[in-house]
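S.K.: I have a structure I would like to understand better, so I am pasting it below and will then ask my questions one at a time.
We did not get these values from a lab; they are worked out from the coordinates using the rules stated. Nothing here was measured: the structure is a model prediction, and the numbers come from that model. FYI the Cβ positions are ideal-geometry reconstructions off the backbone, even for glycines, and counts take in every protein chain you see.
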Amino acid sequence: MILKNREKSRELLMIESLNNRMKLSGKDKTHFYNLKKGFEGEVLFDRYIVEFVKCDCLVINDLLLQVNQTTFQIDSLMIISDCLIVFEVKNFEGDHYYEAESDKLYTNSRDVEIVNPLGQLMRAETLLRKLLQNNGFTLPIKSTIVFVNPAFTLYQAPMNKPFVFPTQITQLLTQLDSKPSRMTNKHKILADKLLSLDLLDSPFKQIPEYEYDHLKKGITCAVCSSFSLVVEGQSCVCLSCDHKESVTSAVLRSVGEFRLLFPERKVTTMAIYDWCGGVVESRKRIQRILDTNLKMVGKFRWASFE
Ligand SMILES: [Zn+2]
């Protein structure tokens, strides 16, 4: 049973929106690409779990925890009868090679060293163990790095490391699934404890600097991010991909983006009208959408929405 579903992090949502509305530097673009790719890999792994793991177990996705002032993140945590399994998911693509003497990982094409995920995994395992101890739990922990991208190859891969390659994922999960497992109250209490300790939003974000005036205004398509939207009756239609969305939902989505990027600004009819770049031509219509769907604070000209 999945106790916590995966969602895009605040950081990814912010950069995604900024990428649509301004020109990112090369460094920011790479960071955005890596975050997006990482997220897609995790979503892919989640699908494997849903498909192949039917046994009685608990799965918590994307946990951000802290122990002794040290923060660590777990991509996917599975609780089964006799242990906890930490999955570190990697969506690396293309040829890589492993250097056993130094325990380092390189891309084959450019000999660029990549941070070895083993270090990350061991750190997470150690810190999780500490956290369990501090809270009086004693279940053993196993951990695995799952390379999910079918186009990933690791030359000179050591056999004694906890690596699972794309061709082995199904086998790993089927094996896990075949072990008898039964969740007891103790497991549920542990899961609840971990969920209650989840920090949810990472304090370490790498967001480019941005200003309201420099961002492109308009409503972006929910599917292809294009700004070419036109209002036709009750719908917003994308001229690039034909996607249709109700005007209400498109405006509320834009409000969400506005809030995410400018939490200090008030959500007013004028502010949202400007942010939507005139796609919805009537202010009255924006006002009606805000009125119906958000809670109003203040009155008349000073009205804003929460
Ligand atoms: Zn579109």
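S.K.: Could you work out [θ]222 nm for the chain from helices alone, using -39500 (n - 2.57) per DSSP H run of at least four and dividing by all its residues? Round to the nearest 500 deg cm²/dmol.
M.R.: That calculation yields -12000 deg cm²/dmol at 222 nm.
S.K.: Oh, and also: With axes computed from alpha carbons, what is the tilt in degrees of helix 10-21 against the longest principal axis of the chain, rounded to the nearest 10 within 0 to 90?
M.R.: The angle comes out near 50 degrees.
S.K.: Moving on to the next point. Students often check this: by mean Cβ neighbours within 10 Å, which of 177-186, 82-91 ranks highest, and how do the rest follow?
M.R.: Highest-to-lowest ranking by the protection proxy: 82-91, 177-186.
S.K.: Next question. For a footprinting-style exposure proxy, rank F152, F305 by other Cβ within 10 Å, fewest first.
M.R.: Ascending number of Cβ neighbours within 10 Å: F152, F305.
S.K.: Moving on to the next point. Fully extended, how many nm does the chain gain between R6 and T70 (0.36 nm per residue separation, minus their Cα-Cα distance)?
M.R.: Once the chain is fully extended between R6 and T70, it gains 20.8 nm.
S.K.: May I pose another question? Give me the angle, in degrees from 0 to 90, between the Cα long axis of helix 283-293 and the longest principal axis of the Cα atoms of the chain, rounded to the nearest 10.
M.R.: 40
S.K.: Please identify which residues in region 196-224 have an amide N closer than 19 Å to a label point set 7 Å out from the Cα of Y33, following the Cα→Cβ vector.
M.R.: 206-208
S.K.: Please work out how much length the chain gains when fully extended from L197 to D291, using 0.36 nm per residue of separation minus the C-alpha to C-alpha distance, in nm with one decimal.
M.R.: 30.3 nm
S.K.: Okay, moving on. So which chymotrypsin sites (Phe, Trp or Tyr not before Pro) in region 170-277 are both in a DSSP loop and have at most 15 other Cβ atoms within 10 Å of their Cβ?
M.R.: Answer by residue number: F204.
S.K.: Here's a follow-up. Return the FRET efficiency for the residue pair L13, A100: r is the Cβ-Cβ distance, R0 is 45 Å, and the value is rounded to the nearest 0.05.
M.R.: Efficiency, rounded to the nearest 0.05: 0.70.
S.K.: Okay, moving on. Taking R0 as 41 Å, what's the FRET efficiency between M122 and N20 from their Cβ-Cβ distance, rounded to 0.05?
M.R.: 0.65
S.K.: Now, a different point. Note the angle between two axes, namely the Cα long axis of helix 169-178 and the longest principal axis of the Cα atoms of the chain, as a number of degrees from 0 to 90, rounded to the nearest 10.
M.R.: 70
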